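Note sheet for the following structure.
The values are calculated or read from the model by the stated rules, or taken from the named source; none is laboratory data. Being a predicted model, the structure only gives us computed values, none of them experimental. Cβ: placed from backbone, ideal geometry, glycine included. Neighbour counts: every protein chain shown. These accessible areas exclude ligands, DNA and RNA; they are computed on the full protein's heavy atoms, side chains included. Shrake-Rupley method; radii C 1.70, N 1.55, O 1.52, S 1.80 Å.
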Amino acid sequence: MKRSTTALLALGTVTAAVAGSVLFLGAGGGAGAAGKGADGLPPATATVVRTDLVLARTVDGRIDFAQRRAVKAAVEGTVTVAAAEGRTVRRGEALYELNDKPVTLLYGPVPAFREMKKGHRGSDVLQLERNLRDLGYGAGLYVDTEYGEDTESAVKRWQKHLNRETTGRIGRGDVVFQPGEVKVVSADAALADQVGPDAPVLTIASTRPVVRAVLEQTDGALTARGTKVEVTLPSGKTVSGKVAGTVRPEGEGGAEGGGQEGITVEVVLDGGSRAASGEDAEAAASVTFVSEAREGVLAVPVEAVVALRGENGGYGLQVVEGGTSEMIRVETGMTADGRIEVSGAGLRAGMKVGVAKP
């Protein structure tokens with residue numbers, strides 16, 4: 001994924017900025033402050049406004065789906081029906097067919113790690129029975145951890161419906177357990193391919209759309225779970241979301257995207273699967289990470305703030321009213337997009353303050 005990083009919108013707090021570089025028009029504490037004309041008025045003015053300030057960073061991202069993982073063959077065989085890329089597979093449907101037998105998706109957190117038959121006990125048996133019940137084969141079935149005669153009968157009814165041999169057993173490789181419905185991202189084995197145990201047959205993912213983006217190592221604070229994000233999708237539509245966490249570069253599908261040079265972040269979009277419906281997954285999205293926001297604060301251009309001399313120091317604004325001006329002391333806060341948050345006694349929106357000559 002090609003990465004494009006813009007500059008930070010925010011410059012940091014004034015106090016922090018002073019330590020590294022001068023942000024101010026000049027220094028002064030009264031009528032003789034630098035930047036004034038012969039009449040004591042500044043060469044230009046700006047208006048104090050009430051606005052929202054946002055500290056953010058924008059990078060390129062791409063649409064993907066969460067929780068990519070490979071589905072591997074449990075037994076040796078020939079692929080007789082390959083996985084259909086882009087398809088959403090739900091409970092009871094086949095992911096693919098091996099040796100002319102469907103490999104069926106069932107829901108549950110415990111992987112299918114063995115053959116299941118009468119006499120077996122375990123959490124895998126429990127989730128099998130739950131699936132049989134939810135698929136409509138639960139008549140007379142007592143859902144527990146024991147593979148009893150009622151389980152065997154339910155499995156036979158299911159196998160008959162699938163047009164398979166009614167053995168009453170679940171063979172190794174007959175089913176794949178996943179937490180829920182999945183999207184087939186890629187078919188890793190084609191029709192007629194011979195696959196051995198542990199060979200990848202397809203890659204699946206959650207149906208939940210996400211956007212993946214790469215941040216610099218120095219932007220670690222933006223990768224925190226829950227960080228607010230705004231995403232401009234390829235169509236131009238803007239949706240909100242939040243950081244779900246980071247993923248390894250392998251989750252990006254290869255070296256493209258520079259994952260090894262930065263931190264790959266996965267963003268969950270508000271609105272679920274509808275949020276990215278119809279969007280071009282090959283086109284870049286613009287991802288803005290919001291690390292801090294101040295709503296409804298008074299702000300002025302950074303150039304309006306004056307460093308005050310004297311033992312008290314601090315910062316001030318030259319307030320202009322009519323043909324006169326007055327220096328008032330202010331507290332400074334966050335800066336963003338060339339503006340700085342200010343507060344102080346008597347300060348209000350609409351006031352005119354002095355700035356350096358444009």
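Quick notes on this structure:
- FRET efficiency for A192 and E93, using Cβ-Cβ distance with R0 set to 25 Å, rounded to 0.05: 0.70
- Based on C-alpha pairs under 8 angstrom that are at least 6 apart in sequence, the chain has a relative contact order of 28 percent.
- Straight-distance candidates among the lysines for linking to K117, with alpha-carbon spacing under 20 Å and chain neighbours fewer than 8 residues away dropped: K101, K156, K160.
- Accessible area of the stretch 262-355 belonging to carbon and sulfur atoms, whole % at 1.4 Å probe: 42 percent
- When the surface is traced with a 1.4 Å probe over the full set of protein chains, M351 keeps roughly 30 Å² accessible.
- Note on exposure: R172, R57, R69 ranked by accessible area (1.4 Å probe, complete protein assembly) read R172, R69, R57, with the most exposed listed first.
- Shape call, the stretch 78-181: gyration tensor on alpha carbons, a/c limit 1.5: prolate
- Put H120, H161 in order of accessible area, highest first, and with a 1.4 Å probe you get H161, H120.
- Crossing angle, helix 149-161 versus the chain [Cα axis fit, 0-90 degrees, rounded to tens]: 80 degrees
- Bridging of K237 to lysines at a Cα separation below 20 Å is possible for K228, once same-chain residues fewer than 8 apart are set aside.
- Of the chymotrypsin sites (Phe, Trp or Tyr not before Pro) found in the stretch 79-182, those that fall in a DSSP loop while having at most 12 other beta-carbon atoms within 10 Å are F113, Y142.
- Gyration tensor analysis over the Cα atoms of the chain returns equivalent ellipsoid semi-axes of 66, 20, 15 Å (largest first, whole Å).
- FRET efficiency for S273 and E85, using Cβ-Cβ distance with R0 set to 30 Å, rounded to 0.05: 0.95
- Within the stretch 82-217: Cβ-based charge dipole about Cα centre, in debye rounded to nearest 20 (Lys, Arg +1; Asp, Glu -1): 280 debye
- The stretch 209-358 - accessible surface per residue (Å², probe 1.4 Å): 51 Å²
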